[in-house]
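The values are calculated or read from the model by the stated rules, or taken from the named source; none is laboratory data. These numbers come from a predicted model, not from an experiment. A quick note on method: Cβ atoms are made from the backbone with ideal geometry, for glycine too, and the neighbour counts reach across all protein chains shown.
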Amino acid sequence: MTKATLGSAEIAQVWLRAGVTGLGDSRVENLRTLRAASITARLTLIRSPMLTQVDAVVRQADVSLNTDIGVIRQLSAAAARAQRVHGVVLMVELGDLREGIMPDDLEGVAYETLRLPNLSLDGIGTNLACHNGVSPDATNMGQLAMLADSIERRFGLVLPTISGGNSGNLDWVLSGADPGRVNDLRLGESLLLGREPLHRRPLDGLHTDAITLVAEVIESGPKPSQPWGTMAQSTFGTTVRPERKGSTQQAVLAIGEQDTDCHALVAPLGFEVTGASSDHLVLDCGSSLPPVGAEVRFQLGYSALVRAMTSPFVSQVTNLRQAALAVS
């Protein structure tokens with residue numbers, strides 16, 4: 001999944017060389033970026049298409065994940081206009097309560113999809129661990145497999161894709177569980193950050209520092225640890241109630257909430273993020289106070305990565321040589 005990299009063709013090419021079988025993104029604009037870079041891999045739109053974008057979806061994506069029959073009908077019309085066949089994967093709700101067709105309604109939607117011209121029913125899928133943190137396990141993956149079997153028996157076909165979910169599925173897969181009918185996972189966070197997202201544990205063979213965020217120090221020196229004056233809400237509506245006493249060695253960095261999720265940054269050993277506003281990040285530096293002009297490197301959680309990648313104020317530098325060495 002390239003969505004966390006803003007459709008980076010460089011990273012996509014590294015993944016394809018490593019054996020990834022297809023690419024996906026939640027934004028049509030990112031798929032367009034991949035197409036413009038002459039990426040020929042199968043491209044999937046992993047967010048339900050907007051009605052206003054069905055023509056663009058058919059042009060840029062080979063497949064899209066869908067939940068609404070009205071949208072699917074419009075995809076059929078758009079595919080007919082483009083003289084293409086567009087693949088549809090029907091997403092089913094299995095407990096996380098984000099997107100998905102209720103299981104009892106899946107057969108009816110599949111029936112309607114199969115009747116529409118210029119579409120192919122490529123499979124079914126589900127999404128877990130995103131909205132409410134429901135973990136993939138043998139029970140819900142078994143239910144997905146049973147739904148696939150039921151659709152195949154009812155309509156006399158074979159579904160080529162049974163998409164079990166995202167990086168959150170890796171904890172289940174790597175436990176040695178039988179994947180059953182599941183033959184497709186939509187991986188992004190795990191490949192980029194080297195961790196499974198349910199418990200944020202490192203994954204064997206992957207690097208947890210493949211991506212770092214670098215910010216420059218613009219102020220450095222001792223500061224009181226307690227603010228003074230009449231207290232009210234801070235920039236983002238929080239009420240600050242500091243508990244520290246005495247003074248602190250403080251650095252202010254030229255990055256903020258406008259650029260990344262500052263609370264999902266992992267500071268270097270001995271440093272602590274104590275707060276952030278739109279354009280400033282404040283660190284307690286302990287005994288290692290960096291000078292003005294120094295750079296501080298952070299590891300990132302997923303939310304910090306996504307926001308940093310989409311900020312026009314954060315430059316992206318890719319070391320393709322290191323990436324190639326990692327793949328080889």
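Going by what's in this entry, would residue 71 be described as in contact with a Pro (Cβ under 6 Å, 6 or more places away or on another chain) and of a type outside the set (S, T, N, Q)? Yes; evaluated as a whole, the condition is true for this residue.
Taking residue 198 as the residue in question, decide whether it is in the same structural domain as residue 167 (by TED's automatic domain parsing) and of a type in the set (A, V, I, L, M, F, W, C). The answer is yes for residue 198. Can you tell me which residues in the range 7-23 are among the small types (Gly, Ala, Ser) and part of a loop (DSSP other than H, G, I, E, B)? Listed by number, the residues that qualify are 7, 8, 19, 22.
Against the numbered list (1) outside any helix (DSSP H, G or I); (2) in contact with a Leu (Cβ under 6 Å, 6 or more places away or on another chain); (3) closer than 30 Å to residue 304 by Cβ, residue 182 comes up short only at (2). Please work out which residue is surrounded by the most Cβ atoms within 10 Å (Cβ to Cβ), limiting yourself to the range 10-58 and to residues that are among the small types (Gly, Ala, Ser) and modelled with pLDDT under 95. Only one residue tops the list, namely 18. Condition test on residue 85, is it of a type outside the set (S, T, N, Q), assigned by TED's automatic domain parsing to the domain that holds residue 24 and within 24 Å of the chain's Cα centre (by Cα)? When the stated conditions are applied, residue 85 does not pass them.
Evaluation of residue 46 against the conditions (1) in contact with a Pro (Cβ under 8 Å, 6 or more places away or on another chain); (2) among the β-branched types (Val, Ile, Thr); (3) within 19 Å of residue 6 (Cα to Cα) shows that the sole unmet condition is (1).
So that you can scan it fast, the table gives a plain yes or no per residue for (1) touching a residue at least 24 places away in the same chain (Cβ under 8 Å); (2) part of a loop (DSSP other than H, G, I, E, B); (3) among the small types (Gly, Ala, Ser):
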| site | (1), (2), (3) |
| --- | --- |
| 157 | yes, yes, no |
| 171 | yes, no, no |
| 175 | no, yes, yes |
| 190 | no, no, yes |
| 198 | yes, yes, no |
| 217 | yes, no, no |
| 235 | yes, yes, no |
| 250 | yes, no, no |
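Do we find a residue being outside any loop (DSSP other than H, G, I, E, B) and either over 30 Å from residue 191 (Cα atoms) or in the same structural domain as residue 193 (by TED's automatic domain parsing) (or both) anywhere in the range 273-289? Yes: the range 273-289 contains one or more residues that are outside any loop (DSSP other than H, G, I, E, B) and either over 30 Å from residue 191 (Cα atoms) or in the same structural domain as residue 193 (by TED's automatic domain parsing) (or both).
If you go through the range 131-145 and keep only what is touching a Pro at 6+ places or on another chain (Cβ under 9 Å) and either more than 15 Å from residue 90 (Cβ to Cβ) or without any contact (Cβ under 8 Å) to a residue 12 or more places away in the chain (or both), you end up with just 141.
Scanning the range 38-53 for residues that are more than 12 Å from residue 122 (Cβ to Cβ) and under 22 Å from the mean Cα position of the chain (by Cα) yields 39, 40, 41, 43, 45, 46, 47, 48, 49, 50, 53. For first residues located in the range 252-269 and in the same structural domain as residue 304 (by TED's automatic domain parsing) and modelled with pLDDT under 95, partners that are surrounded by 17 or more Cβ atoms within 10 Å (Cβ to Cβ) and part of a helix (DSSP H, G or I) and lie 6+ apart or on another chain with Cβ distances below 9 Å form the pairs 263/304. From the list 145, 138, 80, 129, the one residue that fits, being in the same structural domain as residue 196 (by TED's automatic domain parsing) and either surrounded by 22 or more Cβ atoms within 10 Å (Cβ to Cβ) or within 16 Å of residue 58 (Cα to Cα) (or both), is 80.
Matching residues to (1) in contact with a Leu (Cβ under 8 Å, 6 or more places away or on another chain); (2) under 20 Å from residue 159 (Cα atoms); (3) not in a loop (DSSP other than H, G, I, E, B):
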{"residue": "65", "(1), (2), (3)": "yes, yes, yes"}
{"residue": "70", "(1), (2), (3)": "yes, no, yes"}
{"residue": "90", "(1), (2), (3)": "yes, yes, yes"}
{"residue": "114", "(1), (2), (3)": "yes, yes, yes"}
{"residue": "120", "(1), (2), (3)": "no, yes, yes"}
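If only one of 47, 32 is touching a helix residue (DSSP H, G or I) at 6+ places or on another chain (Cβ under 7 Å), assigned by TED's automatic domain parsing to the domain that holds residue 160 and basic (Lys, Arg), which one is it? After applying the criteria, what remains is 32. Against the conditions (1) under 30 Å from residue 136 (Cβ atoms); (2) surrounded by 13 or more Cβ atoms within 10 Å (Cβ to Cβ); (3) among the charged types (D, E, K, R), residue 259 satisfies every one except (1).
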